[in-house]
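Structure first, then comments.
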Amino acid sequence: MNNRPIGIFDSGVGGLTVVKEVFKALPNEEVVYLGDTARVPYGTKSDRTIRRFSIENADFLMRFGVKVIVVACNTSSSIALSVLRKRFRIPIIGVIEPGAKKAVKLTGNNRIGVIATPTTVKSRAYEKEIKRISGKKKVVSGACPLFVPLAEEGWLDGKITLDIARKYLRPLTAKGIDTLVLGCTHYPLLKGVIAQAVGGRVRIVDSASSVAEEIRDVLRKGDALSGPSKKPQHRFFVTDAVEQFVRVGERFLGREIKKVRRVHYV
Ligand code: DGL
């Protein structure tokens, strides 16, 4: 047993979709969350910048004695995971592998679609991971940069959002995909319109729940799950204004966010 907290970071609020699943799957675990809201978005930045930001975020979480770091950002996971794994001795869990594994399990026709930020698509991280797990699969990727501001603005349905989703997703459905990975932590909020745009036959993989399962497996293997002895005191940190994070973040987390503090290391 190990009652130290789990550290989770994202470029902003998106990683709260992962936190939501962690709260559900691992109710005894205490979470320290960091949203790098001063430097969001990561999805359009260079690899070098994303690696630097990711190391600084992980360094910050290490101050809390975290037992594992979850990189709850697809862009950061696709670019910085290996650097973080070399630098830190605790387990580092990304969001790419769990989503890729689930998609490989679900596809019937071996055609998997992936939607993500431009940087994640450019990195081909999902494609490489899917091919590593199972060589035969065909992967079709598309960047959907407008989905991030739409999710943050709360434009989760309605004609404009649906039209944008249709435009982004048409090239993928035209290739006959039967499974679609939501390769960005913001996208689960738009799952409804995305499902409508791709049609009922395409299965949607929201990797947040797979990530929570992966965390449980890693902690269980290391005999590091928290005991039920105390009520977890979750903490949230941001690198920019607290109010905006709370307003948007409560929608992502699906509950009230308390104890948010601004940090000044950036
Ligand atoms: N959280 C990021 C991701 O999952 C999306 C937002 C951003 O571009 O920073 O890729």
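The values are calculated or read from the model by the stated rules, or taken from the named source; none is laboratory data. If you're wondering where the values come from, they're calculated on a predicted model, not measured in any experiment. Every residue, glycine as well, gets a Cβ built from its backbone with ideal geometry; the counts of neighbours run over all protein chains shown.
Checked against the criterion of being among the hydrophobic types (A, V, I, L, M, F, W, C), closer than 23 Å to Val68 by Cβ and touching a residue at least 60 places away in the same chain (Cβ under 8 Å), the candidates Leu180, Leu225 yield just one match: Leu225. Scan the range 47-87 for residues that are surrounded by fewer than 23 Cβ atoms within 10 Å (Cβ to Cβ), in contact (Cβ under 8 Å) with a residue 40 or more places away in the chain and small (Gly, Ala, Ser) and the total you get is 1.
Return the residues of the range 240-262 that are within 27 Å of Ala25 (Cβ to Cβ) and assigned to a loop (DSSP other than H, G, I, E, B); say none if nothing qualifies. Listed by number, the residues that qualify are Gly254, Arg255, Glu256, Ile257, Lys258, Lys259. Only residues that are within 30 Å of Ile6 (Cα to Cα) and surrounded by 24 or more Cβ atoms within 10 Å (Cβ to Cβ) were counted across the range 190-214, and they come to 5. Out of Val121, Val66, Val114, Val71, report the one residue that is modelled with pLDDT of 95 or more, more than 20 Å from Val40 (Cβ to Cβ) and within 14 Å of the ligand (Cβ to nearest atom). Checking each option against the conditions leaves just Val114.
Of the helices (runs of 4 or more DSSP H) entirely within the range 1-99, those holding at least 1 residues that are farther than 24 Å from Lys231 by Cα, out of contact with any Cys (no Cβ under 6 Å at 6 or more places or on another chain) and of a type outside the set (Asp, Glu) occupy 47-62, 74-87. One residue alone among Ile92, Ile8, Ile96 is within 15 Å of the ligand (Cβ to nearest atom), aliphatic (A, V, I, L, M) and more than 15 Å from Gly183 (Cα to Cα), and that residue is Ile8. Among the conditions (1) within 16 Å of the ligand (Cβ to nearest atom); (2) more than 17 Å from the chain's Cα centre (by Cα), Met1 misses just one, which is (1).
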